[in-house]
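This report refers to the structure that appears directly beneath it.
Only the coordinates and a few stated rules stand behind these numbers; no lab work does. What you are looking at is a predicted structure, and each value in this text was computed from that prediction instead of being measured. For neighbour counting, all protein chains shown are included, and Cβ atoms are generated from backbone atoms with ideal geometry for every residue, glycine included.
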Amino acid sequence: MNEVELIRRQLGVERQHAAEVSRACASALAATGVADPERLAAVEAFRQASVDYLVWSLSRFEEREQVFHDLLRSRLPADDPNRRAVETALALPGASREALTKLEAALARTGDTDSTATRWTEFLRFFSGPWSARRDEIDRLFERQAKIPDWRTVSAIDADSIVAERNRYARVKATLPAGVDMQPAASRL
């Protein structure tokens, strides 16, 4: 396996794990109406681990988009069709920053479990819909434009980041409440 394939695989793993964590967290929080203190404590530990993972992951995707955009601005003139295509994709709804805002809204404590579950469902819908569609388009354009050094620069994938991702994901799985599954998405993430 060459370096680019390794980077692509890790990016795919990060997307898949973020999708799994999003779905599992929405599922766990939808079922928090039970007043069992042990269950609530387990869900809270899971929520904390999930939020840590999602903030870390979404922030990394946001940074990658900015680095990719900066790279193209330095490389291509403003009227270049490839640069315009990337700028159009970056202007699509579904930015990681917007996902982080929706995540923050989902975390707002109102005391109303129905409202919390609804906000998490909205976050999940956004993540699975506009965020994923935008990521697919940006990834497609990046693959067309990228040179080997670009993969390294834009992805910021190295041994330390792989270990950090694995540790965060393992923490999420270790705190998974009973009855909540983390299943891979059926589609490519």
Point to revise | Most to least packed among 88-101, 70-83, 46-59, 16-29 [average Cβ atoms within 10 Å] | key: 16-29, 46-59, 88-101, 70-83
Review point. If one takes the longest principal axis of the Cα atoms in the chain, at what angle in degrees, from 0 to 90 and to the nearest 10, does the Cα axis of helix 3-30 lie?
Key: 30
Check your understanding: How long is the gain from ALA133 to SER59 if the chain were fully straight, where each residue apart is worth 0.36 nm and the alpha carbon distance is subtracted?
Key -> 24.9 nm
**Study point:** Relative packing of 2-10, 128-136, which averages over residues the other C-beta atoms within 10 Å, highest first
**Key:** 128-136, 2-10
**Study point:** Computed Kirkwood radius, in angstrom, where 1/r is averaged over Cα pairs of segment 66-139
**Key:** 13.9
Point to revise | Unit Cα scatterers, Debye sum, segment 1-96: log10 I(q)/I(0) for q = 0.25 Å⁻¹ | key: -1.23
Check your understanding: Measuring from label point to label point, each 7 Å out along Cα→Cβ, what is the VAL67 to ASP114 span in nm?
Key -> 4.5
Check your understanding: Hey, what did the chain get for relative contact order, percent, Cα under 8 Å, at least 6 apart?
Key -> 41
Check your understanding: Going highest first, how would you order 173-179, 60-66 by mean Cβ packing within 10 Å?
Key -> 60-66, 173-179
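If Lys and Arg each add +1 and Asp and Glu each add -1, what is the summed charge of the other residues whose beta carbon sits under 11 Å from the beta carbon of VAL55? Walk me through the numbers before you get to the answer.
Values: positive: ARG60, ARG168; negative: ASP52, GLU62, GLU104.
Summing Lys/Arg as +1 and Asp/Glu as -1 gives -1.
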Review point. Where the convex hull is taken over the Cα atoms of segment 3-174, what is its projected area averaged over directions, in nm²?
Key: 10.0
